[in-house]
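S.K.: Dropping a structure here in structure tokens format, bear with me for questions.
The values are calculated or read from the model by the stated rules, or taken from the named source; none is laboratory data. Since the model is a prediction, treat every value here as computed from it, not as a measurement. Virtual Cβ from ideal backbone geometry, glycine too; neighbours counted across all protein chains shown. Remember, those area values only see protein heavy atoms, side chains included, never the ligands or the DNA or RNA. Shrake-Rupley method; radii C 1.70, N 1.55, O 1.52, S 1.80 Å.
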Amino acid sequence: MATEHDEYMGSLKAQLAKLFEVSLKVTVPNELDVEPLVAACNGKFGDYQCNNAMGLWSKIKGKGAPFRGPPAVGEAIKNNLPTSEMIESCSVAGPGFVNVVLSKNWMAKSIQKMLIEGIDTWAPLPPVKTAVVDFSSPNIAKEMHVGHLRSTIIGDTLARMLEFSKVKVLRRNHVGDWGTQFGMLIEFLFEKFPNFEDATETAIGDLQAFYKASKQRFDADPAFKERAQQAVVRLQGGEDKYRRAWAQICQISRTEFHKVYQRLGVHLEEKGESFYNPYIPGVIEALNKQGLVEESQGAQVIFIEGINIPLIVVKSDGGFNYASTDLAALWYRLNEEKAEWIIYVTDVGQQQHFDMFFKAAKRAGWLPQGDSSYPKASHVGFGLVLGEDGKRFRTRNTEVVRLVDLLDEAKVRSKAALIERGKGEEWSEEEIVSTAEAVGYGAVKYADLKNNRLTNYTFNFDQMLNDKGNTAVYLLYAHARICSIIRRSGKDLEELKNKGTLVLGHKDERDLGLHLLQFAEVVEEACTNLLPNVLCDYLYNLSEIFSKFYSNPECKVIGSDMEMSRLLLREATAVVMRKCFDLLGITPIYKI
């Protein structure tokens with residue numbers, strides 16, 4: 001057997017892969033760069049499985065290798081594994097699958113070590129130092145709608161998972177704060193408020209109505225339309241009065257956006273379209289010099305192989321568009337912000353735009369050709385939010401639903417449910433409000449995140465706020481119940497962590513311990529594939545596995561001779577649940 005392998009906390013899969021990497025180098029020394037294929041398995045034969053034997057056999061047969069088939073390769077891989085305290089036993093099954101059973105003692109020690117040193121020691125370590133997550137990105141002077149809700153919630157969770165994984169994340173709000181619509185908005189502002197700097201949010205009122213009124217005026221009045229078009233030229237030319245009016249409109253919108261972000265607990269740094277505007281000419285010029293930009297029907301375009309329409313980078317009237325801004329933003333993020341991974345969170349309807357834009361960046365040599373190396377750009381698409389009628393979610397008068405109203409409704413319903421449960425007499429008003437917010441906003445977030453983001457989902461308050469099934473309410477209550485068990489024990493947790501000993505003697509204890517230890521690889525998978533629902537599945541399964549353990553009479557806690565160990569296992573479950581909530585942007589509750 002090889003020498004003892006250094007162990008570290010973090011992903012079980014990664015730790016086992018390192019052990020199998022050593023074995024594979026000894027087993028097939030002439031085969032270079034063999035990646036260990038390690039996967040969790042269903043528990044019948046083991047906890048994990050190494051599946052390299054069949055693939056290796058197809059490579060080495062006929063080369064004089066000392067094996068007679070995949071099972072023999074599997075046996076050699078097993079025999080060449082370094083000794084490690086994490087492995088209790090190994091066996092070979094079928095065509096060379098190497099099954100690994102983890103040591104219960106090692107598992108228990110690893111969980112206890114996490115309790116002492118903190119769950120950050122279980123963070124995965126992705127191969128990037130800096131990432132940009134471009135999400136939310138509403139348009140100035142328009143209401144944030146339910147589509148922005150998905151982008152905001154999904155983007156925030158991806159940012160949180162990367163931040164937990166020690167990546168520096170630049171959270172970018174690429175707001176639509178530039179373009180021809182600002183001419184009509186500014187001109188309408190001047191008309192309604194001659195002293196436009198007095199035009200506060202209160203004075204203007206509903207910004208969406210202001211936008212619609214200015215658009216109606218623009219469409220109906222040729223003289224107004226001409227003034228609006230002139231206003232665009234003056235704004236883009238940098239005239240002070242127009243710049244100040246533009247800034248005023250942007251600020252009123254920001255105040256509205258902030259109300260949503262405050263409720264959702266989301267932090268973003270605004271770098272809107274206007275920020276990248278000064279970089280566009282230089283970027284287009286550089287692409288021109290590379291011979292990538294061609295003329296087509298008066299416009300300047302980049303042709304993309306395999307796509308029959310070109311990417312327009314300068315319109316026929318000389319104006320810039322989304323592609324011009326996006327290319328300038330990508331150039332800035334790669335060259336100025338030194339980002340290695342740029343992630344864009346928008347609806348799936350924009351898939352073709354991003355596909356063309358990324359291919360243009362690859363033609364320019366900004367990004368490598370393959371999708372597995374860095375720097376890279378990824379489009380995180382998501383489906384529609386539907387009403388119960390199966391159509392796009394709107395109010396009865398076909399207006400888009402205001403996000404602030406939606407979130408407030410979730411809080412109101414959550415508060416009503418708490419009062420119905422008799423909490424009005426037991427809790428202070430502050431406790432009721434904070435719990436209603438945690439549960440209400442958490443329910444909206446989780447209902448979105450638990451679905452594969454590419455699918456449409458139906459917005460239904462009754463389902464979201466149900467305290468049974470795969471909902472935030474059920475999971476938050478489960479966490480609160482675990483906390484109440486620990487409180488009822490009257491034990492000092494810090495003393496328990498340092499002086500108690502965790503033991504995974506019963507099968508249900510071991511199953512729970514294994515699931516806890518798989519947390520790091522689940523976060524890694526959710527990050528790598530940009531799929532928050534993977535983390536939601538893990539959290540729900542954790543709650544179910546805990547429930548099975550807790551309801552088993554053989555695993556009694558308070559008053560049993562295993563009380564100390566089982567309290568530690570409960571605390572470890574609560575710690576991992578809280579970190580899952582944190583990554584999903586959900587505030588945990590501690591009592592119900």
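S.K.: Taking the Cα centre of segment 302-431 as origin and charging only Cβ (+1 Lys, Arg; -1 Asp, Glu), how large is the dipole, in debye to the nearest 20?
M.R.: The calculated dipole for segment 302-431 is roughly 600 debye.
S.K.: Would you be so kind as to identify which of A416, N451, T435 lies farthest towards the positive end of the dipole of segment 408-454, taking Lys and Arg as +1 and Asp and Glu as -1 on Cβ and the Cα centre as origin?
M.R.: N451
S.K.: Now, a different point. Could you give the length gained on full extension between K499 and D347, defined as 0.36 nm per residue of separation minus the Cα-Cα distance, in nm?
M.R.: Between K499 and D347, full extension yields 49.6 nm more.
S.K.: How large is the helix-only mean residue ellipticity at 222 nm for the chain, computed as the sum of -39500 (n - 2.57) over DSSP H runs with n ≥ 4, divided by its residue count, in deg cm²/dmol to the nearest 500?
M.R.: Mean residue ellipticity, 222 nm, calculated: -16500 deg cm²/dmol.
S.K.: Given the peptides 229-239, 338-348, arrange them by the average over their residues of other C-beta atoms within 10 Å, most packed first.
M.R.: Most protected by this proxy first, the peptides run 338-348, 229-239.
S.K.: Still on this structure, I have one more. Counting only the heavy atoms of the protein chains, how much of Y261 is accessible to a 1.4 Å probe, in Å² to the nearest 10?
M.R.: 20
S.K.: Could you give the length gained by full extension between T83 and S316, i.e. 0.36 nm per residue of separation minus their alpha carbon distance, to one decimal place?
M.R.: Residue separation times 0.36 nm, minus the Cα-Cα distance, leaves 77.0 nm.
S.K.: Beyond 18 Å between alpha-carbons counts as too far, so tell me which of K315/K376; K13/K507; K225/K271; K113/K579; K192/K241 fall in that bin.
M.R.: Result: K315/K376; K13/K507; K225/K271 exceed 18 Å.
S.K.: Normalised by the number of residues in segment 152-225, what is the relative contact order in percent for Cα pairs under 8 Å and 6+ residues apart?
M.R.: Over segment 152-225, the number comes to 22 percent.
S.K.: While we're on this one: If you count, for each residue, the other Cβ atoms within 10 Å and average over each peptide, how do 459-468, 426-435 line up from highest to lowest?
M.R.: In decreasing order of mean packing, 459-468, 426-435 become 459-468, 426-435.
S.K.: In terms of the Cα gyration tensor, with a ≥ b ≥ c the square roots of its eigenvalues, is the chain rounded because a/c is under 1.5, prolate because a/b exceeds b/c, or oblate?
M.R.: oblate
S.K.: Now, a different point. Distance between Cα centroids, segment 212-274 to segment 60-93: provide it in whole Å.
M.R.: Spelled out, the Cα-based centre of one part sits 66 Å from the other.
S.K.: Next question, about the same structure. By how many nm would the segment from L125 to E420 lengthen if fully extended, with 0.36 nm per residue of separation less the alpha-carbon distance?
M.R.: 101.7 nm
S.K.: Can you tell me the 0 to 90 degree angle between the C-alpha axis of helix 181-192 and the longest principal axis of the chain, rounded to 10?
M.R.: 60
S.K.: Note down the nm distance, to one decimal, between modelled labels 7 Å out along Cα→Cβ at Q290 and at E35.
M.R.: About 2.7 nm separates the two model spin labels.
S.K.: In addition: Compute the acute angle (0 to 90°) between the alpha-carbon long axis of helix 532-551 and the principal axis of greatest extent of the alpha-carbon atoms of the chain; round to the nearest 10°.
M.R.: 40
S.K.: A further question follows. Over segment 77-172, what is the relative contact order in whole percent, taking alpha-carbon pairs under 8 Å and six or more residues apart?
M.R.: Rounded, it is 24 percent for segment 77-172.
S.K.: Note down the accessible area of S103, probe 1.4 Å, to the nearest 10 Å².
M.R.: About 20 Å², rounded to the nearest 10.
S.K.: Moving to a separate point now. Specify the inter-centroid distance of segment 39-56 and segment 113-140, based on alpha-carbon positions, in whole Å.
M.R.: 29
S.K.: Of all the accessible heavy-atom surface of segment 389-539, with the other protein chains kept in place and a 1.4 Å probe, what percent is carbon and sulfur?
M.R.: Result for segment 389-539: 47 percent of the exposed heavy-atom area is carbon or sulfur.
S.K.: Also: Which lysines, on any chain, are close to K63 with Cα under 18 Å apart, when same-chain ones fewer than 8 places away are left out?
M.R.: K25
S.K.: For V576, V169, what's the largest-to-smallest order of accessible area, 1.4 Å probe?
M.R.: Output order, biggest surface exposure first: V169, V576.
S.K.: Highest mean first, how do 52-61, 516-525 rank when packing is the count of other Cβ atoms within 10 Å averaged over residues?
M.R.: Per-residue mean Cβ counts within 10 Å order the peptides as 516-525, 52-61.
S.K.: Continuing with this model, one more query. To the nearest 20 debye, what charge dipole does the chain have about its Cα centre, counting +1 at the Cβ of each Lys and Arg and -1 at the Cβ of each Asp and Glu?
M.R.: So the magnitude is around 800 debye.
S.K.: Follow-up. Over segment 474-592, average the accessible area per residue using a 1.4 Å probe and give it in Å², no decimals.
M.R.: With all protein chains present, segment 474-592 gives 39 Å² per residue.
S.K.: Points 7 angstrom from Cα along the Cβ direction at V433 and V233: gap in nanometres?
M.R.: Distance between label points: 5.3 nm.
S.K.: Which FRET efficiency value, to the nearest 0.05, do you get for Q208 and D371 by plugging their Cβ-Cβ distance into 1/(1 + (r/R0)^6) with R0 = 35 Å?
M.R.: 0.35
S.K.: How high is the relative contact order of the chain, in percent, counting Cα pairs under 8 Å that sit 6 or more residues apart?
M.R.: 15
S.K.: For segment 65-187, with all protein chains present and a 1.4 Å probe, just round the carbon and sulfur fraction of the accessible area to a whole percent.
M.R.: C and S atoms contribute 52 percent here.
S.K.: Once you place label points 7 Å from the Cα toward the Cβ at E554 and I485, how far apart are they in nm?
M.R.: 1.6
S.K.: Considering only DSSP beta bridges with both partners in the chain, what is the antiparallel share in %, to the nearest 5?
M.R.: If we restrict to bridges inside the chain, about 50 percent are antiparallel.
S.K.: Shifting gears a bit: At 1.4 Å probe size, with every protein chain present, just tell me what the per residue accessible area of segment 141-282 comes to in Å².
M.R.: Dividing the accessible area of segment 141-282 by its residue count gives 44 Å².
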